[in-house]
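Comments concern the structure below.
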């Protein structure tokens, strides 16, 4: 066999290369810069890298428009292991926008009295003299910024992968930095470290399932490339059992990353224990990347065998929506409530995955399943990032106040912030004139077009249940009397800490996007439509 030199289109891969290159520069900055100068350099470097990658992504998108017209446009590069097409570029842009908001929250220092929400020294045991000395000096782990860039690089590679091995590498590149970051909370260190350990152990198991699925599918198809797998699925009927088992194990690895039932157990504990800026970034950007990878795998590689995997997705979507919505009702911690809300939204997104895949099967004017899910990811990402950003500002004497009773009367003490949080909750509930309503309408419509009406009915019922706990928070903030307000000790009632411009801009941008996407969704829907389909 002759070796064929792979061709690499560096220009089209520029956004990914910029992010990974910036992460490497961040590591060098940690090695050679004095400690007192690292934070400013790392924050500026991370922001510049993400902005440069975003600008390059826009250029790549326009270049794809010029190169080809039609439903599917793009190119294969790096020996066919990476694909740059319309959905890839859309997901890259969305991940980078959400990552910019994440950087702003990471860099916030005013809320903790001049230090960030991340631990000053992870090796210092909680409550020891070493930790107190580190806090007094104002030290912090500036390694969080290159770790974040590596995670972003993995998130960008994940939906762009065109073979199973590259997808596994991307899965690990995005996951390993998140495992580390989850254990670096400045407050509630033991809870944070417990969350990191749970996330790491369960993530390792899910990666093992994914890798075993890779081996089985390779044994079935004789190749790891999606096009070859799709060809084998269409033509090979002798090894159907091997295909189904391998497909199921690959699904376990991907459904774990999106937090679908029954692989959701890590979500509430990790969301609660991780530093809230990381929770905001992780909950929004990771789901975008993971759903992009799931869509590409099941639409491109296994699209010809959808009658085998769609019944499984029906069951998982129904269970995910019901469990997320019902268990969220019983939560008394805002971060855990948002975690179970995230699980329910995973079910809504899976409802969209069950829709019609090809535009030729739909009436004129209808959207495909891919377009609906892409739009929903934008609405969900904006709302969840903004909601967790608000949570970072509500504090008492012990730090972040996440218990229900601490939020009582918050709308009177800080009406603007409570109003922003209420808007995010209404969007998650799918109330008209918010982005969430249009997103749910899109995924429900495509699922109905494909005949998945039991899943849609379950989604509507879950949305009604979800309205209860979302509106309950709004009632607590604006209409409930603070418990123990008369003669209460300072710190018992939560107050809003004045943030810097970074967090304020993130929340304000989220509010504007939530309203605009709800009132004028056309431009983003058109953008999702122009992204076209995955190239095969």
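Values in this text are rule-based calculations from the coordinates and carry no lab data. Not measured: the values here are computed from a predicted model. Here the Cβ positions follow ideal geometry from the backbone for every residue, glycine too, while neighbour counts run over all protein chains shown.
Label separation (residue 62 vs residue 41): 3.4 nm, computed from points 7 Å beyond Cα along the C-beta direction.
Counting every other Cβ atom within 10 Å of each residue's Cβ, 172, 108 order from fewest to most as 172, 108. Cα convex hull, segment 154-232: 68 Å³ per residue, rounded to a whole number. Summarising the overall dimensions of segment 182-221 from its C-alpha atoms, the Rg and Dmax are 15.6, 50 angstrom.
Seen against the Cα atoms of the chain and their longest principal axis, helix 501-519 is set at about 50 degrees. Take 244-250, 320-326 and order them by the average number of nearby Cβ atoms within 10 Å per residue, most first; the result is 320-326, 244-250.
For the chain, the longest principal axis of the Cα atoms and the long axis of helix 189-221 meet at an angle of about 0 degrees. Evaluated on segment 186-271, the Kirkwood hydrodynamic radius is 14.4 Å, with distances taken between all distinct Cα atoms. Against the longest principal axis of the chain, how steep is helix 240-258, in degrees 0 to 90 to the nearest 10, with axes from Cα atoms? Taking the Cα atoms of the chain, the angle to 240-258 is about 20 degrees. Net length available on complete extension from residue 501 to residue 55 is 158.3 nm, with 0.36 nm assigned per residue and the Cα-Cα distance removed. Spin-label model, residue 11/residue 433: points 7 Å from Cα along the beta carbon direction are separated by 4.7 nm.
Peptides 406-419, 371-384 ranked from most to least packed give 371-384, 406-419, packing being the mean of other C-beta atoms within 10 angstrom over each peptide's residues. Each Cα pair under 8 Å and six or more residues apart adds its sequence gap; the mean of these over the residue count of the chain is a relative contact order of 17 percent. Per-residue ellipticity at 222 nm, computed for the chain from helices alone with -39500 (n - 2.57) per DSSP H run of at least four residues, works out to -22500 deg cm²/dmol. Using equal-weight Cα scatterers in the Debye expression, the normalised intensity of segment 299-341 in log10 at q = 0.26 Å⁻¹ is -0.81.
Ordered by the count of other Cβ atoms within 10 Å of each Cβ, fewest first, 186, 109 give 109, 186.
Residue order for 264, 345, fewest other beta carbons within 10 angstrom first, comes to 264, 345. Expressed as a whole percent, the proportion of Cα-Cα pairs in segment 379-518 lying more than 20 Å apart is 51%.
Computed over the chain, the convex hull of the alpha-carbon atoms projects to a mean area of 24.7 nm².
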